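Student: I have a structure I would like to understand better, so I am pasting it below and will then ask my questions one at a time.
Every number in this text was worked out from the coordinates using simple rules, so none of it is lab data. These numbers were taken from a predicted model, which means no experiment stands behind them. Cβ placement follows ideal geometry from the backbone for every residue including glycine, while neighbour counts extend to all protein chains displayed.
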Amino acid sequence: MPASRVINFGPGPSALPQSVLEKATQGLLNFNETGIGIAEISHRSKEFVAFLSNIESLIRTQLDVPSTHSILFTQGGGTGQFSAVVLNLLARHRLLYPELTADERVMDYILTGSWSEKAFQEAGRLGGARVNVALDARKYSKDGVSFDNVPPHGEYAFSPAPAFIYYCENETVDGVQFSADPSAQTSFPFARLPRERSGLLPLVGDHSSSFMSRPIPHLGEHAVIFAGAQKNLGPAGLTVLIVRHDCLVDVDAAAKLGAAPVPLSLSYKTLADSKSLYNTPSMLPIYITGLVLERMQELGGLTYFEALNKKKAEKVYAAIRSGEERGVFQGKVQDGSGSWMNVVFNVLGDGAESRFLTGAEEAGMKGLKGHRSVGGIRVSLYNAITESDTDKLVGYMKNFVSEAGAQAFGVKFSC
Ligand SMILES: Cc1ncc(COP(=O)(O)O)c(C=O)c1O
């Protein structure tokens, strides 16, 4: 690693593998032996079209996406999907149940953190249906106002027949994630979800900050899964969608029945019909994402990354627990709800947090400051963070705890 590069524990945009970045610089000059750089070549050239189709296969194979679902590429980030999901799924619902009033049409939101809350607000803003909070995890938090947990399965109150049920798999700001253990009460409550008359689940998941970090449980039952690329996959600018075929609906036909008009650039059917090339896509982010996915495949795909990510998170949580025993750190998330991707904790004592951050920077580790809305420390452990990067941070945390303990000891004896 060149001396100027540090370990980037930032929450996104986030670290990318060094080998990928080096390869990408070649592609900027000459994409796949075309003699034209990736930022210059036509998105309709056969080389780019083949590259995009290979990215689709790499995702399909590694995540085991069934043939009932299309994989689509778009722009606008997770935030764009907060709106697109509402527009497309309400159009679908209108086509299925044109007779319902706005009050009888319901969107169920599960609130486990700041990002699901933001999506919920956007749904309320767009209107067209009633918004039901199926769960607000803040009610089960230690202080009654923060997002610090995934509540047990019995606490969800779903509508009998919602147009869709929305959740965020990993809450990047709050460090809360559904458990990977399906028997845990903090796992996603798949068995409790209301189904449609057809037996299908109208389930929508924001997987932005955990996409491609571990397998997605019940993937084939989802209506829509979306993810911005800028955590585990590549640069910002690319959004990946996995959409079940019955959700690729004619939005203009739905509008004729009274649904809100949908901009064509947000319509899932338009994207699918044009093979994600309705308009010019984000070529460079797509290219880098392709290189990341190729590397993932070579390393063993999600089996490799799931084991690695679990191990990294366990190491950081163990370091937090030993800091807690010495009164130096305080974990922010309740047991069983801690994210593998974004681990959050406080450093206790006046000025201690800023000493922690300054010391980390001096040791070559950046991006550890918590989100401005919640403060504290946030360690983002996306796929490009290696076990040795994690070990370096854990070593620093241990030293920080010992030094803080020694200082406290010194103060006691000098009194
Ligand atoms: C879980 C989650 N959802 C949505 C977003 C919003 O993504 P974007 O900034 O790409 O719109 C983020 C951004 O960090 C996120 O972490």
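Student: For the range 301-414, what is the per residue volume of the convex hull drawn over the alpha-carbon atoms, in cubic angstrom?
Tutor: Normalising the Cα hull of the range 301-414 by residue number yields 105 Å³.
Student: Cα axis of helix 352-362 to longest principal axis of the chain: angle in degrees, 0 to 90, nearest 10?
Tutor: 80 degrees
Student: Shifting gears a bit: Hey, any idea what Rg/Rh is for the chain, computing Rh the Kirkwood way over Cα pairs?
Tutor: Taking Rg over the Kirkwood Rh, I get 1.00.
Student: Right, something else. What's the local net charge at ASP148, with K and R +1, D and E -1, over the other residues with C-beta under 12 Å away?
Tutor: 0
Student: Then there is this: What's the exposure ranking of SER388, SER141, going from fewest to most Cβ atoms within 10 Å?
Tutor: If I rank by nearby Cβ atoms, fewest first, I get SER388, SER141.
Student: For LYS369, go through the lysines and keep the ones whose alpha-carbon is under 16 Å away, minus same-chain ones fewer than eight residues off.
Tutor: In chain and number order, the partners are LYS332.
Student: Evaluate E = 1/(1 + (r/R0)^6) for ALA102 and GLU362, where r is the Cβ-Cβ distance and R0 equals 60 Å; express this FRET efficiency to the nearest 0.05.
Tutor: Plugging the Cβ-Cβ distance into 1/(1 + (r/R0)^6) gives 0.60.
Student: Next up: Once you place label points 7 Å from the Cα toward the Cβ at GLN407 and ALA255, how far apart are they in nm?
Tutor: It is 6.1 nm.
Student: Ok, one more. What is the sum of charges around MET283, taking Lys and Arg as +1, Asp and Glu as -1, for the other residues whose C-beta is under 12 Å from the C-beta of MET283?
Tutor: Net charge around MET283: -1.
Student: With the crude spin-label approximation of a point 7 Å out along Cα→Cβ, what separation in nm comes out for ARG321 versus HIS371?
Tutor: Modelled inter-label distance: 2.6 nm.
Student: Greater than 21 Å separation of Cα atoms is the criterion. Which listed pairs, LYS315/LYS398; LYS311/LYS398; LYS312/LYS398; LYS312/LYS392, meet it?
Tutor: Beyond 21 Å between Cα atoms: no listed pair.
Student: Right, next: For the chain, find the longest principal axis of its Cα atoms and tell me its angle to the long axis of helix 46-63, 0 to 90°, nearest 10.
Tutor: 70 degrees
Student: Given the rule -39500 (n - 2.57) for each run of at least 4 DSSP H residues, summed and divided by the residues of the chain, what is its mean residue ellipticity at 222 nm, to the nearest 500 deg cm²/dmol?
Tutor: One gets -12500 deg cm²/dmol as the mean residue ellipticity at 222 nm.
Student: Could you give each residue of the range 181-187 its phi-based ³J(HN,Hα) in whole Hz, using Karplus coefficients 6.51, -1.76, 1.60 with θ = phi - 60°, and x for Gly or Pro?
Tutor: 8, x, 7, 7, 5, 8, 7
Student: Order these by the 10 Å Cβ neighbour count, fewest first: THR61, THR25, THR186.
Tutor: So the residues, fewest neighbours to most, are THR25, THR61, THR186.
Student: Among ASP206, ASP273, ASP174, rank each residue by its count of other Cβ atoms within 10 Å, from fewest to most, as a rough exposure measure.
Tutor: Listed from fewest to most nearby Cβ atoms, that is ASP273, ASP206, ASP174.
Student: So, one more: Taking R0 as 25 Å, what FRET efficiency do you get between GLU387 and GLU294 from their Cβ-Cβ distance, rounded to the nearest 0.05?
Tutor: Taking R0 as 25 Å, the efficiency between GLU387 and GLU294 is 0.75.
Student: Straight distance only, please: which aspartates and glutamates reach the Cα of LYS142 with their own Cα at less than 17 Å, same-chain residues fewer than 8 apart left out?
Tutor: GLU155, ASP174, GLU324, ASP335
Student: Using Cα springs under 10 Å in a Gaussian network model of the chain, which residue among GLY80, GLY199, GLY234 shows the largest mean-square fluctuation?
Tutor: GLY199
Student: Which lysines have a Cα less than 29 Å from the Cα of LYS46, not counting those fewer than 8 places away in the same chain?
Tutor: List returned: LYS23, LYS231, LYS269, LYS275.
Student: Fully extended, how many nm does the chain gain between ASP181 and GLN75 (0.36 nm per residue separation, minus their Cα-Cα distance)?
Tutor: 34.9 nm
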